[in-house]
1. Using a 1.4 Å probe on the protein chains only, how many percent of the accessible area of region 102-272 belongs to carbon and sulfur?
2. With r defined as the distance between the Cβ atoms of Thr220 and Asp77 and R0 fixed at 35 Å, what FRET efficiency is calculated, to the nearest 0.05?
3. For region 102-272, what number results from the quotient of the Cα radius of gyration and 2.2 N^0.38 Å?
4. Taking only protein heavy atoms and a 1.4 Å probe, what accessible area per residue, in Å², does region 128-186 have with all protein chains in place?
Amino acid sequence: PAVTTPCKILKCNSEFWAATSGSHHLGTEEAPEFCTALRAYAHCTRRTARTCRGDLAYHSAVHGIDDLMEQHNCSKDGPTSQPRLRTLPPGDSQERSDSPEICHYEKSFHKHSAAPNYTHCGLFGDPHLRTFTDTFQTCKVQGAWPLIDNNYLNVQVTNTPVLPGSTATATSKLTIIFKSFQECVDQKVYQAEMDELPAAFADGSKNGGDKHGANSLKITEKVSGQHIEIQAKYIGTTIVVRQVGRYLTFAVRMPEEVVNAVEDRDSQGLYLCLRGCPLNQQIDFQTIRSAQATEGRARRKGPSLPAPPQAFTYETATAKCREKLPVEDLYFQSCVFDLLTTGDVNFMLAAYYAFEDVKMLHSNKDKLHLYERTRDLAPGNTAPLGTSPALWVALLCLSQCWLGLL
């Protein structure tokens, strides 16, 4: 199993926000309950202090607690139970729309000569990457890698092996930093990891802070512990983060103007959503076949490498993927590839939800399905010169069957 951090600050943040949803707009009669929740929050952070010593979200939470206690005149001594406070009534100030025009990208766009053009990027599964230019790749990218890096936000993912000794990796941690922007938002950090999908930023808040346009950045929990959505209206951006099984998926809809907003594009570092994975990190069939052959020999010699939790043949994998993905596009092929590589049926759901997010976020409905690796396509959408993903999977199956006969 992939290594997880013992730091549980995200759990503390989530519990505090669950106990105080909307309470920062409540009257003074609710202050005692808010202070009680704050003390519980402080107690939770103290319990995890040793394991969170080097965690940015932990230190942000500690400073935030001190500030909130001072603002609300809370005593550090007292009860620490966490009563659920009432939520905001409809139409309360948290839902107001009177933020500055600069904090609503689409409303301010009448000043531009043309309507904004939106792009999409997604990362899911083993992992599979769909870039802002609709290039589709399967990558190794083990460890921490930047997905997005521009003037407004940074997104970094950490991918870890699905099984010890396996070439299959999946996203186990995600960090999103929204940079401070004019009178709209303060800098906000969102962190998610395996078994921790918070419905709040690292400081416990759900919007952009104390600035007048703070509500142009907002987190919404769609399914508890499984699906959150972040709306950053001031940059016209929507982000969807899911936990499927133990691993995370990421999808974003972003205007091209924001995608390309960098200080010095020539010297900009690697940025997966824009530039794709490096060639040496992209997975081709030869690499997979070699790895499968190595694992097959190792299993014949002894139990040095564990078998996947559930073995799929090409036929059973395609049948399983067809349950959720009836069109045999690259999302379908990725599903088959992941089931053969990991044996984990949750990767089928990851491919399904990734395509559902494309349907919601992609601005060009004619480009929802991709059928070939787009970086290999010749003009006129002719067949690629390289091996197609469908053939990769078929050959992978044949190699597995051949190894089974030896």
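1. On region 102-272, the fraction of accessible area on carbon and sulfur atoms equals 45 percent.
2. 0.50
3. Dividing the Cα radius of gyration by 2.2 N^0.38 Å gives 1.04.
4. Numbers: 1800 Å² over 59 residues.
Heavy-atom accessible area per residue stands at 30 Å².
The values are calculated or read from the model by the stated rules, or taken from the named source; none is laboratory data. None of the values given here were measured: they were computed from a predicted structure. Using ideal geometry, Cβ is built from the backbone for each residue, glycine included, and neighbour counts are taken over all protein chains shown. Accessible surface is based on the protein model in full, side chains and every heavy atom, while ligands, DNA and RNA are left aside. Shrake-Rupley method; radii C 1.70, N 1.55, O 1.52, S 1.80 Å.
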